[in-house]
Amino acid sequence: QQQVKQSPQSLIVQKGGISIINCAYENTAFDYFPWYQQFPGKGPALLIAIRPDVSEKKEGRFTISFNKSAKQFSLHIMDSQPGDSATYFCAARRMDSSYKLIFGSGTRLLVRP
Amino acid sequence: DGGITQSPKYLFRKEGQNVTLSCEQNLNHDAMYWYRQDPGQGLRLIYYSQIVNDFQKGDIAEGYSVSREKKESFPLTVTSAQKNPTAFYLCASSIFGDTQYFGPGTRLTVL
């Protein structure tokens with residue numbers, strides 16, 4: 001069964017620190033890796049995404065690192081702020097006609113002032 | 001105001017009752033999806049539709065039904081056959097094969 005494993009389950013970071021969330025996948029038939037941010041009671045919002053032909057993508061304070069050979073990708077949040085406190089989900093999109101997204105289990109991030 | 005709307009925001013269901021969750025989008029997206037979210041878990045796909053009048057089962061379709069009669073609308077019915085329906089339900093849409101965008105969700109509680 002295709003899976004995306006996400007860690008850690010929860011993360012506490014001081015304001016200004018770096019938050020790092022990791023994901024690993026078990027199937028090579030994925031072609032797109034988005035990260036979503038979700039605040040309590042709200043729907044997930046697309047944060048940043050990467051394709052496997054790129055090793056790193058940066059948007060503001062958010063960076064995705066992608067290691068194709070290790071089947072791993074990670075989200076780095078630089079200069080973490082209390083407003084970043086949310087649940088983060090990684091996902092992988094199947095490279096077939098379904099375009100289904102397989103989600104990780106989520107990481108609850110708390111940034112302390 | 002463009003986007004994806006879901007209604008109601010909160011829904012309560014009695015045992016043995018069918019309920020329907022609404023999802024509407026005005027983004028002209030071809031594909032629409034329904035996910036279920038339980039505490040501490042990722043999103044699990046219930047049903048998806050890539051085109052009007054066609055839909056496919058996802059990973060946890062048992063106890064649910066959908067229809068796609070219009071491009072803008074993809075309602076989800078939670079039937080009495082779904083034994084543990086209490087969850088947060090999320091609808092998403094996308095241009096075919098592109099990024100999925102999510103609605104605000106409906107929280108369903110069984111009384």
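The values are calculated or read from the model by the stated rules, or taken from the named source; none is laboratory data. Keep in mind that this is a model prediction, so the values were computed, not measured. Don't worry about glycine lacking a Cβ; one is built from the backbone with ideal geometry, like all the others, and counts go over all protein chains shown.
Okay, residues lined up against (1) of a type in the set (D, E, K, R); (2) without any contact (Cβ under 8 Å) to a residue 40 or more places away in the chain:
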residue	(1), (2)
B:R13	yes, no
B:G16	no, no
B:T20	no, no
B:L27	no, no
B:M32	no, no
B:R44	yes, yes
B:Y47	no, yes
B:G58	no, yes
B:E62	yes, yes
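For region B:77-93, a residue qualifies if it is out of contact with any Pro (no Cβ under 6 Å at 6 or more places or on another chain), of a type outside the set (D, E, K, R) and away from chain A (no Cβ under 14 Å), and the qualifying residues are B:T77, B:T79, B:S80, B:A81, B:Q82, B:N84, B:P85, B:T86.
Look at (1) assigned to a loop (DSSP other than H, G, I, E, B); (2) free of Cβ contacts under 8 Å to residues at least 24 places away in the same chain; (3) in contact with a strand residue (DSSP E or B) (Cβ under 9 Å, 6 or more places away or on another chain) and you find that B:K83 fails only one, number (3). Scanning region B:29-37 for any residue that is exposed (fewer than 13 other Cβ atoms within 10 Å of the Cβ), among the acidic types (D, E) and either over 14 Å from B:G105 (Cα atoms) or within 12 Å of chain A (Cβ to nearest Cβ) (or both) turns up nothing. Among the candidates B:F96, B:F74, the residue that is within 13 Å of chain A (Cβ to nearest Cβ) and aromatic (F, W, Y) is uniquely B:F96. When the residues of region A:29-61 are filtered to those that are without any contact (Cβ under 8 Å) to a residue 24 or more places away in the chain and hydrophobic (A, V, I, L, M, F, W, C), the one that is surrounded by the most Cβ atoms within 10 Å (Cβ to Cβ) is A:I50.
In a residue-by-residue description of region B:65-79, the property of being within 30 Å of A:A86 (Cα to Cα), in contact with a Gly (Cβ under 7 Å, 6 or more places away or on another chain), at pLDDT below 95 and assigned to a loop (DSSP other than H, G, I, E, B) applies to no position. Give the residue, chosen from A:F30, A:F62, that is over 23 Å from B:Y33 (Cα atoms) and away from chain B (no Cβ under 12 Å). A:F62 is the lone residue from the list that is over 23 Å from B:Y33 (Cα atoms) and away from chain B (no Cβ under 12 Å). If you go through region B:38-55 and pick out every residue that is of a type outside the set (A, V, I, L, M, F, W, C) and either away from chain A (no Cβ under 12 Å) or over 23 Å from B:K83 (Cβ atoms) (or both), you end up with 4.
Restricted to region B:71-96, and to residues that are under 8 Å from the mean Cα position of the chain (by Cα) and of a type in the set (A, V, I, L, M, F, W, C), which residue is surrounded by the fewest Cβ atoms within 10 Å (Cβ to Cβ)? So that I can check it myself, show each step before the final result.
From region B:71-96, those under 8 Å from the mean Cα position of the chain (by Cα) are B:74-76, B:89-92; that's our starting set.
This time we only want the ones that are of a type in the set (A, V, I, L, M, F, W, C), so: B:74, B:76, B:90-92.
Values: B:F74: 28, B:L76: 23, B:L90: 26, B:C91: 28, B:A92: 25.
By that ranking, first place goes to B:L76.
Here A:K71 meets each of (1) exposed (fewer than 14 other Cβ atoms within 10 Å of the Cβ); (2) away from chain B (no Cβ under 14 Å) with one exception, condition (1).
Taking region A:56-83 as the range and being in contact with a strand residue (DSSP E or B) (Cβ under 9 Å, 6 or more places away or on another chain), part of a loop (DSSP other than H, G, I, E, B) and either at pLDDT below 95 or aromatic (F, W, Y) (or both) as the test, the residues that pass are A:A70, A:K71.
Before we move on, is B:D59 closer than 17 Å to A:A91 by Cβ, touching a Leu at 6+ places or on another chain (Cβ under 6 Å) and assigned to a loop (DSSP other than H, G, I, E, B)?
Taking the combined requirement at face value, the residue satisfies it.
A:G16: over 17 Å from A:Y99 (Cα atoms), within 13 Å of chain B (Cβ to nearest Cβ) and assigned to a loop (DSSP other than H, G, I, E, B), yes or no? No; evaluated as a whole, the condition is false for this residue.
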